[in-house]
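Colleague: Pasting in a structure now, in structure tokens, and then I'll have a few things to ask.
The values are calculated or read from the model by the stated rules, or taken from the named source; none is laboratory data. For clarity, every value in this text was computed on a predicted model and none was experimentally measured. Cβ sites come from the backbone with ideal geometry, for glycine too, and all protein chains shown count toward neighbours.
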Amino acid sequence: MDQGVIRTATEKDVPEIVKLENKCFLDSQAYSESQIRYLVKKANSFCLVETSGDIVRGCIILLFRRGSKIAGVETVNVDPIFQNRGIGRQLIQAGEGEARKRLMKAIRLEVSVGNTQAILMYQRSGYIITGLLQNYYQFNYFGSRDAYRMKKIL
Ligand SMILES: CC(C)(COP(=O)(O)OP(=O)(O)OC[C@H]1O[C@@H](n2cnc3c(N)ncnc32)[C@H](O)[C@@H]1OP(=O)(O)O)[C@@H](O)C(=O)NCCC(=O)NCCS
């Protein structure tokens, strides 16, 4: 696979990130364009994209809370046609690098209990399941509303 580039997302990337979101999730589960625009621009969130030429193949959105040393992963998405080639893991590593730069001590995230692919990706990246959150989601994701909380100490 050609070597992609991981860089900070800008407002210009928003349409491509929205397309990616819609390829990865059903309409009702995907973030809208205005939500993505807000997350890309917001001072306490941070978005990285993985690109090959003009194509955005993946993205990660991290959240930082004032006064907290624990960063959050809001989402990691990889275009289905480029999945299972290591892009997701590279995005997580790059996100961890950014969190370390901001002196974060850990990263936390929630993932649907049915999202096996994502759970494996996080486990392969060193995250461990620290809890089960029942009825965490408003809608069924991957057949369940429950989520695992996962964490990695940086
Ligand atoms: C989850 C997701 C981001 C993974 O991205 P990816 O680029 O395919 O992941 P990687 O290629 O880096 O794979 C990382 C690990 O995940 C697992 N994995 C990835 N794709 C898999 C598949 N199709 N089947 C089984 N395991 C898989 C493997 O364990 C892999 O580790 P390995 O390469 O050491 O075996 C991607 O599947 C995706 O965008 N899914 C839809 C959106 C989503 O659910 N995001 C997570 C929200 S919390």
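Colleague: Just name the residue that is surrounded by the most Cβ atoms within 10 Å (Cβ to Cβ) out of those in the range 106-115 that are more than 7 Å from the ligand (Cβ to nearest atom) and among the β-branched types (Val, Ile, Thr).
Modeller: So, considering only residues that are more than 7 Å from the ligand (Cβ to nearest atom) and among the β-branched types (Val, Ile, Thr), the one surrounded by the most Cβ atoms within 10 Å (Cβ to Cβ) is Ile107.
Colleague: From the set of residues in the range 95-105 that are crowded, with 16+ Cβ neighbours inside 10 Å and under 15 Å from the mean Cα position of the chain (by Cα), which is nearest to the ligand (Cβ to nearest atom)?
Modeller: Among residues in the range 95-105 that are crowded, with 16+ Cβ neighbours inside 10 Å and under 15 Å from the mean Cα position of the chain (by Cα), the one nearest to the ligand (Cβ to nearest atom) is Gly95.
Colleague: Yes or no: Phe82 out of contact with any Cys (no Cβ under 7 Å at 6 or more places or on another chain), among the hydrophobic types (A, V, I, L, M, F, W, C) and crowded, with 16+ Cβ neighbours inside 10 Å?
Modeller: yes
Colleague: Would you pick out the residues in the range 121-154 that are assigned to a strand (DSSP E or B), loosely packed, with under 15 Cβ neighbours inside 10 Å and in contact (Cβ under 8 Å) with a residue 40 or more places away in the chain?
Modeller: Ile153 - this is the single residue of the range 121-154 that is assigned to a strand (DSSP E or B), loosely packed, with under 15 Cβ neighbours inside 10 Å and in contact (Cβ under 8 Å) with a residue 40 or more places away in the chain.
Colleague: Also, I was wondering about something else. Mind telling me which of the residues Leu103, Leu63 ends up being among the aliphatic types (A, V, I, L, M), touching an Asp or Glu at 6+ places or on another chain (Cβ under 9 Å) and either on the phi < 0 side of the Ramachandran plot or modelled with pLDDT of 95 or more (or both)?
Modeller: Leu63
Colleague: Still on this structure: So which residues in the range 1-17 are under 16 Å from Leu62 (Cα atoms) and touching an Asp or Glu at 6+ places or on another chain (Cβ under 8 Å)?
Modeller: Those that are under 16 Å from Leu62 (Cα atoms) and touching an Asp or Glu at 6+ places or on another chain (Cβ under 8 Å): Ile6, Val14.
Colleague: Additional query: Determine whether the range 73-94 contains at least one residue that is of a type in the set (A, V, I, L, M), free of Cβ contacts under 8 Å to residues at least 60 places away in the same chain, farther than 23 Å from Gln3 by Cβ and more than 12 Å from the ligand (Cβ to nearest atom).
Modeller: no
Let's see how each residue does on (1) assigned to a loop (DSSP other than H, G, I, E, B); (2) closer than 25 Å to Gly114 by Cα:
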| residue | (1), (2) |
| --- | --- |
| Asp2 | yes, no |
| Asn22 | no, yes |
| Ala30 | yes, yes |
| Ala43 | yes, no |
| Gly58 | no, yes |
| Ala71 | no, yes |
